[in-house]
Amino acid sequence: MNTLRITLKKVSPEQLFMGSVLLVNGGNYVYNLILGRLLGPESFADAALLVTLLLVLSFLGMTFQLATAKFAVIFSGSEWINFRNLIYRYAIIFGMITGALVILFSKEIQLFFNTQTPYMFVIFGFGIPLYFLMSVNRGSYQGNVEFKNLSITYQTEMWSRLIITLALLMFIPMEAPIIVALGIALSFLFGLVPSNFKGLSFSKPIILQAQSSKRVSQFIILTACYEFTQIIINNSDVLLVKHYFNEMDAGLYASLALIGRVVYFVAWMFVMLLLPTVVQKQKDGEPTAPILFKYVGYVGILSISIIAVCYLFPELIITLMFGNAYVSMAGLLWQYALATSLFAISNIFAYYFLSLDHYIPVILSGMLGLSQIFLIVLFHDELISVVHMQIIAMAILLVVQLLYFIKKKNRL
């Protein structure tokens, strides 16, 4: 026990957070793998759709989280208190509107994605306001470098979702998509642990200085636009496959996407560390490019390793993770991993530029994100065509990000 305490004391908050993120990603993978094995390809298609909608929600939530994290570094005193009250207010309003729209159009969403029931979307919609509250809470911890509390919020969300969903599947005779939706919605409540709502007030008027207000508005709009492009790039393929292909193919593709995206989910850990570090260095007048090189190097090594493993052992990986029912996707595994790796590396560049208030990379990402959709809409005769369209779009995106960095490198 003493040895464990000594070891933990030597672990930095950043290392603790990185370890926590790896554990969360591992837990989320176990969650999806269990669903895939228990439900089979056809039923898993609906469950995977909910997981994809959760990813869409996470990108929307990142707008609030990153804005809170950035201005937690920049603001202090009464200015930070006013901003904190304001961003919580925005999060609640936006969450309630988004949740209401999902509930209101649940039947239309069911028809578009060919799901078993609209009630899975109703339940999901009720949980949305909690997610945005959770995002602001996390942003506060992230910006103030409270990585211990930040890690705990991710742990409570992941473990509660895993335990609640499995318990309901085992003991409650209910449609699987509804159970998955319940597990997701309830996990948002647990994700608010720990929270710090001390000093919040939603009744009195909130006033920011004109310059600060302009800066906050610009960053929120910029971040929202970029997160929208993230939604398009990272989730449009699964959503379009669910629309264009039958339940079996959609379930098989969902398993492929889950495995192939592992590099992106691990790269996300570096994004969480990147933003507050870059903002602080910019504030102190120090060069920021070395931080970018450091994290791009990490993600590059990780990407090459994962692509190589997926190329060498595709059938083994799919069989171990999902079972023989999904093995027909083996030939596409390394190609999907390549597309995701290109996106993950370009994403490090994009968040770096975002933290420095550069607008052009956001516009470029949006254009390439839309081009991915158009390519898939035009070329979707087979699942392999969907993967190839993503490789083309993501390769162009990375090249564009690199060219922009080379052009601006002397100022960074």
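Where a number appears in this text, it was derived from the coordinates with a stated rule and is not lab data. Only a predicted model underlies this, so the values are computations on that prediction, with no experimental measurement involved. With ideal geometry, Cβ positions are generated from the backbone for all residues, glycine too; neighbour counts draw on all protein chains shown.
Using 7 Å Cα-to-Cβ label points, what is the Tyr359/Leu200 separation (nm, one decimal)?
About 3.2 nm separates the two model spin labels.
So for the pair Leu101, Glu14, with labels modelled 7 Å out along Cα→Cβ, what separation do we get in nm?
3.8 nm
So if I take the centroid of the Cα atoms in the stretch 210-267 and the same for the stretch 345-394, what is the distance between those two points in Å?
That distance is 10 Å.
Enumerate by residue number the GluC sites (Glu not before Pro) in the stretch 87-180 meeting two conditions: DSSP loop (anything except H, G, I, E, B), and at most 16 other Cβ atoms within 10 Å of the site's Cβ.
Glu175
What ranking, highest mean first, results for peptides 129-135, 162-168 when packing means the other Cβ atoms within 10 Å averaged over each residue?
Working: 129-135: 24.1, 162-168: 17.1.
My ranking of the peptides, most packed first, is 129-135, 162-168.
If you take every residue apart from Thr68 with its C-beta less than 9 Å away from the C-beta of Thr68, what net charge results, scoring Lys and Arg +1 and Asp and Glu -1? If you can, show how the numbers build up before the last one.
On the way: positive: Lys70, Arg84, Arg138; negative: none.
Residues close to Thr68 contribute a combined charge of +3.
Across the Cα atoms of the stretch 206-264, what radius of gyration and what greatest pairwise Cα-Cα distance (Dmax) are found, in Å?
In order Rg, Dmax, the Cα atoms of the stretch 206-264 give 18.4, 55 Å.
What's the extension gain from Lys294 to Phe313 if we count 0.36 nm per residue and subtract their Cα-Cα distance? Before the final figure, lay out each step's value.
Numbers: separation 19, 0.36 × 19 = 6.84 nm, distance 2.91 nm.
Answer, rounded to one decimal: 3.9 nm.
Go ahead and collect, in residue order, the members of the stretch 55-71 whose backbone nitrogen is under 15 Å from a label point 7 Å along the Cα-Cβ direction of Ile207.
none
In nm, give the distance between the simple-model label positions of Leu403 and Phe379, each being 7 Å from the Cα along the Cα-to-Cβ direction.
Going from the Leu403 label point to the Phe379 one covers 2.0 nm.
Give the relative contact order (percent, whole number) for the stretch 261-373; include only Cα pairs under 8 Å separated by 6+ residues. If you can, show how the numbers build up before the last one.
Numbers: 89 pairs, mean separation 41.5, N = 113.
Once normalised by length, the contact order is 37 percent.
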